[in-house]
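The structure appears below as structure tokens.
The values are calculated or read from the model by the stated rules, or taken from the named source; none is laboratory data. Everything quoted here is computed from the prediction, not taken from an experiment. For neighbour counting, all protein chains shown are included, and Cβ atoms are generated from backbone atoms with ideal geometry for every residue, glycine included. The protein model used for the area step is the full one, side chains on, heavy atoms only, and it has no ligands, DNA or RNA in it. Shrake-Rupley method; radii C 1.70, N 1.55, O 1.52, S 1.80 Å.
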Amino acid sequence: MAIIEIHQQQGKDLEEIAEVCPFDAITIIEDSLVITEACKMCKVCIKQYPEIFSLEEETSRSVLTDRYKGIAVIAEHHEGDLHPVTLELIGKARELGAPLGYRISVLIIGYEVGTLAEELLEYGVDTVVLYDHKALKDMLIEPYTNIIEEFIEEYRPSTVLVGGTSIGRSLAPRAAARVHTGLTADCTVLTMQPNGDLDQIRPAFGGNIMAHIRTPNHRPQFATVRCKIFDSPKKVEVKTGQIITKRPTVQQLKSRIEISSIHIKKKITSIEDAEILVAAGRAIRTPADMALIEKFAEAIGGMVAGTRPLIESGLIDPRRQIGLSGRTVKPKVIITCGISGSVQFVAGMKGSELIYAINTDPEASIFGLAHYRLVGDLYEIIPQCISQLQRGL
Amino acid sequence: MNILVCIKQVPGTTEVNIDEETGVLLRNGVPSKMNPYDLYALECSLRLKKHYGGSVAVISMGPPQAEAIIKEAYMMGVDEGYLLTDMAFAGSDVYATAYALAQAIKTLPDVDCIICGMMTTDGDTAQVGPEIAEHLNIPHASYIKEIHEVHSDHIEVTMDMDKYAAEMKIKFPALLTVTSTIGTPRLPSYILGKKTEDKIVNRITLKDLNDQDPDHYGITGSPTQVIDIFPPDHTQISTTWEGTSKEIASNLADDLIHRKIVMR
Ligand SMILES: Cc1cc2nc3c(=O)[nH]c(=O)nc-3n(C[C@H](O)[C@H](O)[C@H](O)COP(=O)(O)OP(=O)(O)OC[C@H]3O[C@@H](n4cnc5c(N)ncnc54)[C@H](O)[C@@H]3O)c2cc1C
Ligand SMILES: Cc1cc2nc3c(=O)[nH]c(=O)nc-3n(C[C@H](O)[C@H](O)[C@H](O)COP(=O)(O)OP(=O)(O)OC[C@H]3O[C@@H](n4cnc5c(N)ncnc54)[C@H](O)[C@@H]3O)c2cc1C
């Protein structure tokens, strides 16, 4: 990566010089020329005023890309299970690394997690580096960062991927700052150039803009990615990777934080917190109908909610009423089943990210809001959908 | 207990548009405001002060206009305010922002605890707090939802993780980032506003820091570079599925799998 250097000239018309930039990236601050972040490195200024602007190549660049190779994933696990985001990141790492011949390594830190290390190999990881110690049972920011630092020094990955979970979002910035590199948060698209540069795309401003970010002159390139952004990889037929077991030093385990107790969270019980909702309307009349809705919700991992008539008929708990006189929900997905879409109901769910509506009436007002309009009988569609989903498993 | 709160000025709305031709962010004329998540950090700090005594100061890195949010903090009851401002800091990413803030914090009177918001509404990374702590070599904990007790050399808190909550003791000096369950923020007080009208906001510039090498700050000190910004793909999905119930059912099943709503 190169940068443009400015050799300030006295007595020249700075305004005129600044005009040369087609991107308005040259401004004048306190009688000096300054290049702003709008610079696109088009080098027009260098051509026009070579005595003022010059290109400074940074030689360290090739040294960096030669020294840092491969992609690493920091594994996350909970109560004896690998976090799905870890597998998704391994899948992405393999896809990114394959054209470059990059090796994939995974760092796993914990206590009695040897079987998880074995499991990681099944996903085509080349090297699993395992730190297994009683003091590492729960995430402790200082020891975990110390270990990531040692891992990076030893393996020199070009890219490090971390899950965008609450743990990852606390650990990744600390580790990135420790090794003096950049971190791009919550990436939704990752691609890799032939030279190993990672192109990262992420939403900001609450999703209203997308930013394309690179970390050109630093290694490793750190990125966090949230769960369910990338696909889970298939298991490989033959495991070829190896597990390297490491011992943390007493120094590494030092912590100024002491955990007194851990409380595992229960499953979500309020409809406001659910990511997936199946909402039932007046087309549901009997407990047997309700059982179908419950079965459907279970098949897609969602929670049951409903319109006011279902609360009134006693089929659904009042705490699960959506709408003006109920709760306001903003799930990732809502499937409305036999709901007309009254203004009072819609007021409580119009912020949903993705809306599927099932209704026999093609004129139902819920269809004005829905992303997917399923025109048909819910008693036919839902059972067939459930059996399709179950067959697929 | 002496506390320092980190606050940031953000655009008044996240409803920003991008000029398709120039790629410039259009903020639609809405004035800037304090990052709403930082209000919780302030509230938490002011409550701790009330209970345990001591002082609450704020620091913000930003352009001179960011003074407005420090004045606002005064109106909420904050004792001292620092604005870290210098052209050298323009264009900082998280690493450079945290480095500059850490450098500035080192020049201030010692504090027991630094408290940050959980994230911002613009950059939205949630990374600045942990990186400040690393640059200062102090422990940090993110997503603190409750503070139980303050002792002379440590604090007892509950950290809220996705799948568990951890009660922990953290030695001072420490950095915490707090969630919105920590307490509803108070409104700025008119009376305090009158009282603090002339209260100065202390300026900190590059030449006040220990490390005065401009290359360590701003764009040159930032490992990440924003290459481009663009509007998200807002094409609204609007699809009708009709036909036999079997066809509709398989469209639905396929879509749920394709979108990873149902995992297999
Ligand atoms: C002050 C006030 C507050 C209110 N607050 C709320 C509130 O908070 N929440 C709320 O939900 N309501 C509220 N209501 C009630 C609201 O006005 C509606 O009456 C209610 O939302 C209708 O519920 P529904 O869509 O389930 O029933 P309906 O409007 O009766 O709709 C049933 C739908 O099911 C379809 N259908 C029938 N059979 C099938 C089938 N086999 N397959 C597929 N589709 C089928 C029909 O075409 C119809 O569109 C409030 C009303 C008032 C006056
Ligand atoms: C579209 C876009 C995308 C970006 N993506 C990245 C990226 O992926 N990686 C990256 O390194 N940089 C990125 N940046 C730059 C980043 O936004 C800035 O570095 C910013 O200074 C801090 O990040 P944040 O807003 O995400 O703060 P967060 O880390 O979300 O803020 C958390 C807390 O830190 C404190 N804090 C944050 N900023 C300040 C401040 N200036 N003064 C005082 N306290 C503060 C507050 O207490 C705040 O609540 C991006 C910028 C834009 C415009």
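Structure above, values below:
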item: Cα long-axis angle, helix A:84-97 against chain A (0 to 90 degrees, to the nearest 10); result: 40
item: Computed over segment B:89-218, Cα set: Rg, Dmax in Å; result: 16.6, 47
item: Positive minus negative residues near A:ILE382 (Lys, Arg vs Asp, Glu; Cβ under 13 Å); result: -3
item: Helix A:166-178 axis, angle to chain A major axis (alpha carbon atoms, nearest 10°); result: 0
item: For peptides A:8-14, A:116-122, A:244-250, sequence by mean Cβ density within 10 Å, most packed first; result: A:116-122, A:244-250, A:8-14
item: Cross-link partners of A:LYS350 among aspartates and glutamates (Cα-Cα below 15 Å; sequence separation of 8 or more within a chain); result: A:GLU272, A:GLU275
item: Residues whose placed amide H lies under 5 Å from that of B:MET161, excluding near-sequence neighbours; result: B:ALA166
item: Accessible area in square angstrom per residue, chain A, 1.4 angstrom probe; result: 46
item: Over 31 Å [Cα-Cα, chain B], rounded percent; result: 36
item: Cα gyration tensor shape of segment A:172-259, rounded if a/c is under 1.5, else prolate or oblate by comparing a/b with b/c; result: oblate
item: Surface/4 of the Cα convex hull for segment A:70-145, nm²; result: 4.7
item: Solvent-accessible surface (1.4 angstrom probe) belonging to A:SER352, in square angstrom, nearest 10; result: 10
item: Segment B:43-121: radius of gyration over Cα atoms, expressed as a fraction of 2.2 N^0.38 Å; result: 1.13
item: Counting DSSP beta bridges with both ends in chain A, the antiparallel % (nearest 5); result: 30
item: For chain A: rounded, prolate or oblate by the Cα gyration tensor [a/c cutoff 1.5]; result: oblate
item: Descending Cα extents along the principal axes, segment A:194-347, whole Å; result: 62, 43, 40
item: Volume per residue that the Cα convex hull of segment A:65-246 spans, once the total is divided by residue count, Å³; result: 109
item: On Cα atoms only, tilt of A:287-299 relative to the major axis of chain A in degrees; result: 20
item: Nearby lysines by direct alpha-carbon distance to A:LYS266 (threshold 22 angstrom, same-chain neighbours under 8 apart not counted); result: A:LYS137, A:LYS228, A:LYS295, A:LYS330, A:LYS332, B:LYS145, B:LYS163
item: Lysine pair count for segment A:11-103 [Cα-Cα under 30 Å; pairs on different chains or 8 or more apart]; result: 6
item: Under 5 Å, built H, 5+ apart or other chain: amide partners of B:ILE227; result: A:HIS212, A:ILE213, A:ARG214
item: DSSP bridge pairs, chain B: antiparallel proportion in percent, nearest 5; result: 40
item: For the protein assembly as shown, convex hull of alpha carbons as volume per residue, Å³; result: 188
item: Viscosity 0.692 mPa s, 37 °C: Kirkwood-radius Stokes-Einstein D of segment A:285-393 over Cα pairs, µm²/s; result: 231
item: Considering only the protein assembly as shown, percent of DSSP beta bridges that pair antiparallel, nearest 5; result: 40
item: Surface accessible to a 1.4 Å probe, B:SER55 within the full protein complex, Å²; result: 40
item: With every protein chain in place, segment A:65-246: carbon and sulfur % of accessible area (1.4 Å); result: 47
item: Test item: B:166-179 mean partner chain Cβ contacts at 10 Å; result: 3
item: Value at 222 nm in deg cm²/dmol, rounded to 500, when DSSP H runs of n ≥ 4 in the protein assembly as shown each add -39,500 (n - 2.57); result: -8000 deg cm²/dmol
